[in-house]
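Below is one structure, written out as structure tokens; the observations come after it.
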Amino acid sequence: MGRQRKSKEDLNGEVGLLTEPMDIGTEDFKDFQFFILSKSRARTKDQKILVEITAIKYQMEKYLEEEQKEETSVGNFLKSILKAADIRQNRFAEYIGIRPTNFNKIVRGERRLSLEQAVIIGNIFGVEPSIWIGIQTKNDLRKIAKSREKNYTKYNLKELLGK
């Protein structure tokens, strides 16, 4: 006896076609794949941009949460978002009220993003300002930890208390 197909509306919280693992060799999987592809192709340009920006936002959050071997600057993430949204750097710089040369220095990692700029950029792209500042701070702390100029381990509470 074949399994009867259930629509999303028919599920009403019970386990069924849309909640069980699917074998990729079945007609159900091919139908589902076709459905997803057709929905993906029907997205507007703005919807595609939002999806790409959301993906970059998740990469930023992952970068903050996990220890990375390579540093990724705020500027690299910002450049990726601008590229995804098809916005030129000069236009963006002028829009947020900074000189394009200063913005270019932020993108290249030569200048820090200010708190105010993080708030503005956060509002535009839906990425919390704390994420922008967190990435910048994480990278700064990594640079300090790698620095051989000063021995930070010599500072400790036991010595301070004179014990």
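The values are calculated or read from the model by the stated rules, or taken from the named source; none is laboratory data. The model shown is predicted, which means the values in this text are computed figures rather than measured ones. All Cβ positions, even for glycine, are placed from backbone atoms using ideal geometry, and neighbour counts span all protein chains on display.
Remarks
- Residues within region 28-78 that are more than 12 Å from the chain's Cα centre (by Cα) and over 15 Å from Ile133 (Cα atoms), tallied: 27
- Against the conditions (1) more than 15 Å from the chain's Cα centre (by Cα); (2) on the phi > 0 side of the Ramachandran plot, Gly126 satisfies every one except (1).
- Residues satisfying the stated conditions in region 38-64, i.e. aliphatic (A, V, I, L, M) and either under 26 Å from Ala145 (Cα atoms) or assigned to a helix (DSSP H, G or I) (or both): Ile49, Leu50, Val51, Ile53, Ala55, Ile56, Met60, Leu64
- Annotation: of all residues in region 99-157 being touching a residue at least 12 places away in the same chain (Cβ under 8 Å) and in a loop (DSSP other than H, G, I, E, B), the one that is nearest to Glu66 (Cα to Cα) is Val127.
- Pairs with Cβ under 8 Å, 6+ apart, first in region 21-48 and without any contact (Cβ under 8 Å) to a residue 60 or more places away in the chain, second surrounded by 10 or more Cβ atoms within 10 Å (Cβ to Cβ) and aromatic (Phe, Trp, Tyr): Met22/Phe29; Met22/Phe32; Asp23/Phe29
- Candidate set from region 65-98 (those that are assigned to a loop (DSSP other than H, G, I, E, B) and in contact (Cβ under 8 Å) with a residue 60 or more places away in the chain); member that is farthest from Ala55 (Cα to Cα): Glu71
- Here region 21-48 is the region considered, the condition is being of a type in the set (S, T, N, Q), more than 22 Å from Ala85 (Cα to Cα) and modelled with pLDDT under 80, and the residue that is surrounded by the most Cβ atoms within 10 Å (Cβ to Cβ) is Gln33.
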